[in-house]
Amino acid sequence: MIAVLGLVIGVVVGLFVQPEVPDAVVPYLPIAVVAALDAVFGAVRAMLDGIFNDKVFVVSFLSNVVVAALIVFLGDQLGVGSQLSTGVVVVLGIRIFSNAAAIRRHVFRA
Amino acid sequence: MSLLTNVMDHGLDEGYAEAAAARGGARDSRIPRTARGLLTLGAGLALVGAVVTVGAVNARKAEPTLAKERDALIHRINDSNGSADRLQKQVQDLRRKVDDTQQQALPSGGGDAAGLAGAVGLGEVTGPGVKLVLEDAAGTGLGGNVDPRAGQGFSNSGRLRDRDLQLVVNGLWGAGAEAVSINGQRLTALSAIRAAGEAVLVDNRPLVPPYTVLAIGDGPKVLDAFEGEMAGSYLRLLQEKYGIKSTLSVQKSLTLPAAVGVTLRTAQPATPEPTPTPTSTAAPTATPTEASTATPGTPISPSASVSPSASAGGGSGSGRRTPSGAAKTTSAHSPTTASTGPSSAGTGAARP
């Protein structure tokens, strides 16, 4: 209940406040979105596994976003930004896939 | 492989397992029960929702910006096209004005600059004639789009060369053509057909095959004469030996454009006069437009005036004012011709 409410509040805030994203941060936004999705899928899987922990969820989400953005930022400074962001997306994508597969096994028993 | 297996096997954050172990292995914690836990979960999900939404909104916001830039570019292109059209129109107007002034500057009875312009290649001409299309042999791999670096060049004998084209054009002149153009390039007495690298150039402009040679003249007569003379048999030989295709046809009406970058100047050393004084005679008729007068008496023979000596003769017309120099000299000088500066135009304008 409160989870759905939180999600709705976040979407509404994002839609209506439309915070002005600084130009320096814009390149890292897609990576942050992928990292956030990874954290959400991990949380859902943990919930279905019965080992969910709210503190782990929030901390892992924040750290994922920050670390992913940091890696890409570092890559940009070194001139390999696009390669590193590809790497981050691949790793997070694999994790999202395996978590989604685990969720599917829980839900459909298959 | 260990990296891949690591990524594949540890999809779930290890923090969850550790926290569960710390709680004593209880595997029933699905949703936090405490108010604080619920609040943390809600705040975390709100954050996730906000990040994802902001990302989506930002991605969509970039689209109109790109579209706007594209529109601006299109606008600039249209503007530039418009101004180019205006300038083109201005050029045409000015050219017409120059023609008019040239006509006015001619002394009465001095001649017809417009008619002369058509004859020497400086004016557009229309009339019946013949059309000759020359195409490189199939399989030379060039066709419409010449890539100078990819082709085998003229070592490939299936390609038409500059001297073939020279021969053909000379043949057309010889067959009675009055005006000739190649791929829209009007030939004047000063035109050069030559090769540079892999391309055939006419007046330093590269041509792209197929080569379309238009010649104005008495169509059937020119065709017969051309077929009968050396150039015609040369073309047949090219077709037989190398597969260079050529089609010659009579056309009812052809329009040949004017040559560009050539200034029309004529000179008329008229009545023989043994001791002329150039300075006094040059003054009255020298006109600001550099247009001077001439009566194009004898028909212009392009093959004769192609030679450098003919063009030099036009420049030094007043100097050769001997009784034998009564022959009317007509030539079109390109601005780049060394011997014809403004000064020589002045002497060319000299009339006794």
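Rule-based calculations on the coordinates, nothing more; no lab input. Not measured: the values here are computed from a predicted model. Neighbour counts run over all protein chains shown; Cβ positions are idealised from the backbone, glycine included.
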Margin query: Quick check on the range A:39-110: take the gyration tensor over C-alpha atoms, sort the square-rooted eigenvalues as a ≥ b ≥ c, and tell me if it's rounded (a/c under 1.5), prolate or oblate.
Written below: oblate
Item checked: Order of A:23, B:218 under a 10 Å beta carbon neighbour criterion, fewest first -> A:23, B:218
Next item on the list: Starting from the Cα of residue B:131, draw a straight line to each of the lysines and keep only those under 22 Å, dropping any in the same chain fewer than 8 residues away.
Entry: B:221, B:245, B:252
Next item on the list: Between residue B:201 and residue A:94, with labels modelled 7 Å along Cα→Cβ, what's the label distance in nm to one decimal, could you check?
Entry: 6.0
Checklist line | Under 16 Å from residue B:97, Cα to Cα: lysines that are on another chain or at least 8 residues apart | finding: B:89
Note to self: Test of understanding: what is the full-extension gain from residue B:227 to residue B:255, defined as 0.36 nm times their sequence separation minus their Cα-Cα distance?
What the structure shows: 7.8 nm
Notebook entry, point to check: Once phi is turned into ³J(HN,Hα) by the Karplus curve 6.51 cos²θ - 1.76 cosθ + 1.60 with θ = phi - 60°, what whole-Hz value does each residue of the range B:86-93 show in order, with x for glycine and proline?
Noted result: 4, 5, 4, 4, 4, 4, 5, 4
Item checked: Residues B:83, B:181 arranged by fewest to most Cβ contacts within 10 Å -> B:83, B:181
Notebook entry, point to check: Between residue B:208 and residue A:77, what is the FRET efficiency for a Förster distance of 45 Å, r being their Cβ-Cβ separation, to the nearest 0.05?
Noted result: 0.35
Next item on the list: Within 10 Å of each residue's Cβ, count the other Cβ atoms and sort A:108, A:97, A:57, A:41 from fewest upward.
Entry: A:108, A:97, A:41, A:57
Next item on the list: Please tell me the relative contact order of the range B:124-256 in percent, rounded to the nearest whole number, where contacts are Cα pairs under 8 Å and at least six residues apart.
Entry: 46
